[in-house]
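First comes the structure, then the notes that go with it.
The values are calculated or read from the model by the stated rules, or taken from the named source; none is laboratory data. Keep in mind the model is a prediction, meaning the values are calculated, not measured. Heads up, the Cβs are rebuilt from the backbone with ideal geometry, glycines too, and the neighbour counts pull from every protein chain shown.
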Amino acid sequence: MKKTKQVDKKNFFLRKIKHPTLWLESKPKLAWTLAAAYAILIFVLSSFPYAPPQPSLLKQVSATFKHILEYSIFGFLLLACFRSNGRTRKKALLFAFLLSLFYGMTDEFHQFFVPHRTASLLDVLADSFGGFLGAFLSQPHKKLFKRSRA
């Protein structure tokens, strides 16, 4: 019986911790500002011309992972933005994915005009997968975190 009380006490303290997505959802202006600033950062970083890439499987996997990581942060921010406007989790996840996909396509289109850069369908797929992954994984676990928006 004592073990269950200790576990309940532990879960009680975990529920008092506010999940980062829930915290950001309660601050819509901050969420949209961070998402816009991050989108600008992605655009600026993709504007730098680099030396032509050398074909290597290891370098391609590394570049793909970088795209997934970069857009997973973007997906997290977008989910918080759409949730801050009162959308359901499913709709917010869908909108975060679609906006990540659209922004990834425009980013690759932009890179087509940057010297020594290329547009790649694989990068668009990695960007959209990263956006979905970041949005999906950033959803709070129902049992550990409180769900209030206050």
Which pairs do you get when a residue that is free of Cβ contacts under 8 Å to residues at least 12 places away in the same chain, found in segment 27-43, comes within reach of a residue that is in a helix (DSSP H, G or I) and surrounded by 14 or more Cβ atoms within 10 Å (Cβ to Cβ), reach meaning Cβ atoms under 8 angstrom, with the pair 6+ apart or on two chains?
L30/L24
The conditions are (1) over 17 Å from Q111 (Cα atoms); (2) at pLDDT 90 or above; (3) surrounded by 17 or more Cβ atoms within 10 Å (Cβ to Cβ), and L24 fails exactly one of them. Which is it?
(2)
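For every residue, the table says whether it meets (1) of a type in the set (D, E, K, R); (2) at pLDDT below 90; (3) crowded, with 19+ Cβ neighbours inside 10 Å; (4) out of contact with any Ser or Thr (no Cβ under 6 Å at 6 or more places or on another chain).
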position	(1), (2), (3), (4)
Q6	no, yes, no, yes
N11	no, yes, no, yes
K16	yes, yes, no, yes
L30	no, no, no, yes
T33	no, no, no, yes
F43	no, no, no, yes
G75	no, no, yes, no
R87	yes, yes, no, yes
Matching entry among P53, P49 (being modelled with pLDDT under 60, within 27 Å of A126 (Cα to Cα), more than 21 Å from the chain's Cα centre (by Cα) and surrounded by 10 or more Cβ atoms within 10 Å (Cβ to Cβ)):
P53
